[in-house]
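One structure is given below, encoded as structure tokens.
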Amino acid sequence: MSVKPPLGPAAPAARTLDPADWEQFRRLSHAALDDMISFMASAGEGPVWQAAPDTVRQRFRTAIPHAGTDLAEVLADFRADIKPYGTGNTHPLFMGWVHGAGNPAGMLGEMLAAGLNANCGGRDHIGLEVERQVTQWTAELMGYPKDASGLFVTGTSMANFLALLVARTALLGTNVRSQGITATASATLTSYTSAEAHGCVAQAMELAGLGSANLRRVPVGPDGGMRTDNLAQMIAGDRAAGLLPFMLVGTAGTVNTGAYDDLTALADIAERERLWFHIDGAFGALLALAPDLRHKIAGIERSQSVAFDFHKWAHVPYDAGFLLVRDPALHRQTFASPVAYLSRAPRGLAAGETWPCDLGPDLSRGFRALKTWFTLRVHGVDQIGACISHCCAVARHLERRISASNLFEVVSPARSNIVCFGIRGDAKGERNQAMVMDLHESGEAAPSITVIDGRPVIRCAIVNHRTSEGHIDQFIAMMTARLTGSAT
Ligand SMILES: *Cc1c(COP(=O)(O)O)cnc(C)c1O
């Protein structure tokens, strides 16, 4: 395919960032894409992770490049110094933390979005339609009304924070935006979440100026879900003390053990107490896609807002967090500004009613919706749901293997996709920590460490669509070899 000549005279080479030789650019780009396709096709080969050597790190300490470098040379540097030293979350034996594994169609969507270079903060262009489409799909999946409002953000940390701001506006009115909390709240605002909730919930209280000390951390029961009797007592206690309970944050999938709050019970309490009911469903909200697991998030449809990540269990390339809000007007009232340069026109490029910049603090925004749209359309949500179900089956397989072993013991069972376990007799968890670090450094596997009842334990979060029962068997074999090897 040949390139059409430009309409006018081309800008002098020194004043444009376009390549002087498009054909050469095309060749190099095709090769780079091929290279990344091979990278994905061989995601299970090689080490899961390797630390970048100091010699490589040193190469990122150069002075600012005043003069340009050939693209071929920069690509060679990427191949040698960047590509081998990623997190490893594309690899099937990456089981640490809760990371999505990416997917080839999503990668392509990301590349195409970069080509379009659309600014999805606003204006009348197709990028906003794609985001609205994904919002509608999400609303339907979560059992929300069709007109629910949605916004792509970096991740669930940001989405939880924005949800809290909407909840604050619901309670105090839009005056809180100009007058602040002290002038609009009659008492100290308190919110409630599980003791197992993600740290970003407390951080959201801090960022909003409400104070993390005013977040009550409700104890969990044996299933890891919030104890609703304690919740009710805490709310009553705060009301008796003259405080102003305003928000309840339920967790669908705790980061430590994969536990689910009883969202129906929480919805009942939130209704009775007139609290904003928000759900942190960072990974777990997407159980909506898995018919055999969906019951765990029953009640999500009664919440006022949901935060979750497409980059976790839907494997959209980072980052693709999402906030869904039931009341579109309230969502808009929390963030929209009547500034002149964002005013809407009846026609033309500045047309449209609600723009994404009315729904959050970001004005310039990338086209996160495109890689998500690619991922959902190419695979279909049923397939993504099947991968989620499979992850939970793989976690159960891991739990069975650990239970059957005389070297290890289960510390937290496979409630969904997360299993925590320890080496038998390792009361202080020191050998657990050493095992995890050894596995990381050898590149064999990447579980993570978490602390349960004061003891560091080995944690495997099965999120990766590439992880199979066979990989778990390999994982058990490599740990066993390490333990029995060191014992002789
Ligand atoms: C990952 C996670 C978060 C944070 O999400 P980010 O996308 O990393 O900001 C919050 N809550 C839970 C339960 C999580 O698993």
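Computed with the Debye formula from one identical point scatterer per Cα of segment 303-457, without solvent, the log10 of I(q)/I(0) at q = 0.14 Å⁻¹ comes to -0.90. Phi angles across segment 394-410 convert, under the Karplus curve 6.51 cos²θ - 1.76 cosθ + 1.60 with θ = phi - 60°, into 3J(HN,Hα) values of 5, 5, 5, 4, 4, 4, 4, 5, 5, 4, 7, 8, 8, 9, 10, 9, 6 Hz, Gly and Pro given as x. Among the trypsin sites (Lys or Arg not before Pro) in segment 126-203, those placed in a DSSP loop whose Cβ has at most 10 other Cβ atoms within 10 Å are LYS146.
With N counted as the residues of segment 428-470, its alpha-carbon radius of gyration over 2.2 N^0.38 Å works out to 1.25.
Gyration tensor over the Cα atoms of segment 387-442: the corresponding equivalent ellipsoid has semi-axes (square roots of 5 times the eigenvalues, largest first) of 22, 14, 9 Å.
Label-to-label distance for ASP147 and ALA350 is 2.7 nm, based on points extended 7 Å past Cα in the beta-carbon direction. In terms of overall dimensions, the C-alpha atoms belonging to segment 305-368 reach 40, 24, 17 Å along their principal axes, ordered largest to smallest. The lysines whose alpha-carbon is closer than 30 Å to the alpha-carbon of LYS296, local same-chain residues fewer than 8 away aside, are LYS146, LYS312, LYS371. Which of rounded, prolate or oblate describes segment 210-283 when judged by the alpha-carbon gyration tensor and an a/c cut-off of 1.5? Judged from the Cα gyration tensor, segment 210-283 comes out prolate (a/c at least 1.5, a/b above b/c). By the rule of a C-alpha distance below 20 Å, with chain neighbours fewer than 8 residues away ignored, the aspartates and glutamates paired with LYS428 are GLU409, ASP438, ASP453.
Here, P(r) means the percent of Cα pairs in each 5 Å bin from 0 to the largest distance; for segment 165-224 it is 4, 18, 26, 22, 13, 9, 5, 2, 1. Against the empirical curve 2.2 N^0.38 Å, the C-alpha radius of gyration of segment 1-159 lands at a ratio of 1.36.
So the label point goes 7 Å from the Cα of ALA14 along Cα→C-beta, right? Which residues of segment 57-76 then have their backbone N under 17 Å from it? In segment 57-76, the label zone of ALA14 (backbone N under 17 Å from the point 7 Å along Cα→Cβ) covers 66-69.
Overall, the ratio between the Cα radius of gyration of segment 368-488 and 2.2 N^0.38 Å, rounded to two decimals, is 1.19.
If R0 is 22 Å, the Cβ-Cβ spacing of ILE126 and ARG79 corresponds to a FRET efficiency of close to 0.05. Roll a 1.4 angstrom probe over the protein heavy atoms and tell me the percent of accessible area of segment 174-225 that is carbon or sulfur. Result for segment 174-225: 45 percent of the exposed heavy-atom area is carbon or sulfur.
Excluding same-chain neighbours fewer than eight residues apart, the aspartates and glutamates reachable from LYS83 by a Cα-Cα span under 15 Å are ASP34, ASP35, GLU45, GLU73. Here segment 169-199 and segment 350-409 have alpha carbon centers that stand 30 Å from each other.
Rolling a 1.4 angstrom probe over the protein heavy atoms with all chains in place gives segment 314-364 an accessible area of 49 Å² per residue.
Estimated from helical segments only, the mean residue ellipticity of the chain at 222 nm is -12500 deg cm²/dmol, where each DSSP H run of four or more residues counts as -39500 (n - 2.57). Here the chain is treated as an ellipsoid with the same Cα gyration tensor; its semi-axes, largest first and in whole Å, are 37, 36, 20. Rounded to the nearest 0.05, the FRET efficiency derived from the C-beta distance between GLN58 and THR484 at R0 = 41 Å is 0.55.
Sorted largest first, the principal axis extents computed over the alpha-carbon atoms of segment 149-275 equal 44, 38, 25 Å. Rg and Dmax over the alpha-carbon atoms of segment 341-397 stand at 18.8, 59 Å.
The values are calculated or read from the model by the stated rules, or taken from the named source; none is laboratory data. None of these values were measured; they are calculated from a predicted model. All Cβ positions, even for glycine, are placed from backbone atoms using ideal geometry, and neighbour counts span all protein chains on display. For accessibility, only protein heavy atoms count, side chains too; no ligands or nucleic acids. Shrake-Rupley method; radii C 1.70, N 1.55, O 1.52, S 1.80 Å.
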